[in-house]
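The values are calculated or read from the model by the stated rules, or taken from the named source; none is laboratory data. All of these numbers come straight from a predicted model, not from anything done at the bench. Glycine also receives a Cβ, built like all others from the backbone with ideal geometry; neighbour counts cover every protein chain displayed.
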Amino acid sequence: MADELTHLDRHGRARMVDVGNKPITHRICVARAEIRMANETLARIVEGRVAKGDVLATARIAGIQAAKRTGEWIPLAHPMPIDAVEVMLEPSPGGDALLVEARVEAHWRTGVEMEAMVAVSAAGLTVYDMCKAVDRGMVIGRIRLVAKQGGRSGRFVREGEEISGMEAPD
């Protein structure tokens with residue numbers, strides 16, 4: 001754990017961290033979320049029987065777009081050039097949830113943790129919006145960073161999570 005909060009100045013006021021002198025490195029982050037719902041709602045999504053259209057494709061696009069605009073969503077996040085965003089949605093084995101995963105990559109001075117978490121959040125909210133007419137009881141949750149790589153803090157993989165495709169950074 002860091003000894004100090006980098007987003008606070010010496011007087012305790014919020015500030016945007018100056019990353020201008022940090023080296024550009026290859027950053028990779030993976031985040032996940034879950035949308036709990038009735039089994040019938042998930043079946044309708046998978047079978048393409050939702051009146052508003054293709055829920056999975058729309059949520060995927062929403063997640064990608066949100067990752068690209070994280071600096072506008074999160075007040076102290078830096079706008080950054082993102083190399084790649086991938087958003088995947090798949091039904092849970094139990095048929096009561098949609099599992100969302102986002103992988104974000106950039107060659108930049110700061111990490112892409114927030115971009116990955118914003119992507120899964122936006123994807124989840126989009127699923128809710130498109131399906132609320134049939135299931136207002138959906139719950140978006142377990143939004144979490146699963147893995148990150150690159151930068152001064154190095155590599156992190158959340159205990160109990162399986163992850164693949166985290167190649168070594170440049």
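Being outside any strand (DSSP E or B), within 24 Å of Thr6 (Cα to Cα) and aliphatic (A, V, I, L, M), is that true of even one residue in segment 160-170?
Checked segment 160-170: no residue is outside any strand (DSSP E or B), within 24 Å of Thr6 (Cα to Cα) and aliphatic (A, V, I, L, M).
Answer yes if at least one residue in segment 152-162 is of a type outside the set (Gly, Ala, Ser) and closer than 16 Å to Thr70 by Cα, and no otherwise.
Filtering segment 152-162 down to residues of a type outside the set (Gly, Ala, Ser) leaves 152, 155-159, 161-162.
Still in the running and closer than 16 Å to Thr70 by Cα: none.
The answer is no, given that none of the residues of segment 152-162 is of a type outside the set (Gly, Ala, Ser) and closer than 16 Å to Thr70 by Cα.
Please tell me if Thr25 is among the polar types (S, T, N, Q), touching an Asp or Glu at 6+ places or on another chain (Cβ under 8 Å) and modelled with pLDDT under 95. Don't jump to the end; show me each part of the working.
Details: among the polar types (S, T, N, Q): yes; touching an Asp or Glu at 6+ places or on another chain (Cβ under 8 Å): yes; modelled with pLDDT under 95: yes.
The answer is yes for Thr25.
Checking the structure you have, find out if any residue of segment 148-162 is polar (S, T, N, Q) and either at pLDDT 95 or above or buried (at least 22 other Cβ atoms within 10 Å of the Cβ) (or both). Break it down stepwise before answering.
Initial filter on segment 148-162 (polar (S, T, N, Q)): 149, 153.
Filter once more, keeping what is either at pLDDT 95 or above or buried (at least 22 other Cβ atoms within 10 Å of the Cβ) (or both): 149.
Yes; the residues of segment 148-162 include at least one that is polar (S, T, N, Q) and either at pLDDT 95 or above or buried (at least 22 other Cβ atoms within 10 Å of the Cβ) (or both).
Check Arg27 against each of (1) assigned to a loop (DSSP other than H, G, I, E, B); (2) under 21 Å from Lys148 (Cα atoms); (3) not small (Gly, Ala, Ser) and name the one condition it does not meet.
Going through the list (1) assigned to a loop (DSSP other than H, G, I, E, B); (2) under 21 Å from Lys148 (Cα atoms); (3) not small (Gly, Ala, Ser), Arg27 breaks only (1).
Hey, any hits in segment 9-18 for a residue that's within 21 Å of Val120 (Cα to Cα), among the small types (Gly, Ala, Ser) and under 24 Å from the mean Cα position of the chain (by Cα)? Give the steps one after another, and end with the answer.
Taking segment 9-18 first, the residues within 21 Å of Val120 (Cα to Cα) are none.
Within segment 9-18, not a single residue is within 21 Å of Val120 (Cα to Cα), among the small types (Gly, Ala, Ser) and under 24 Å from the mean Cα position of the chain (by Cα).
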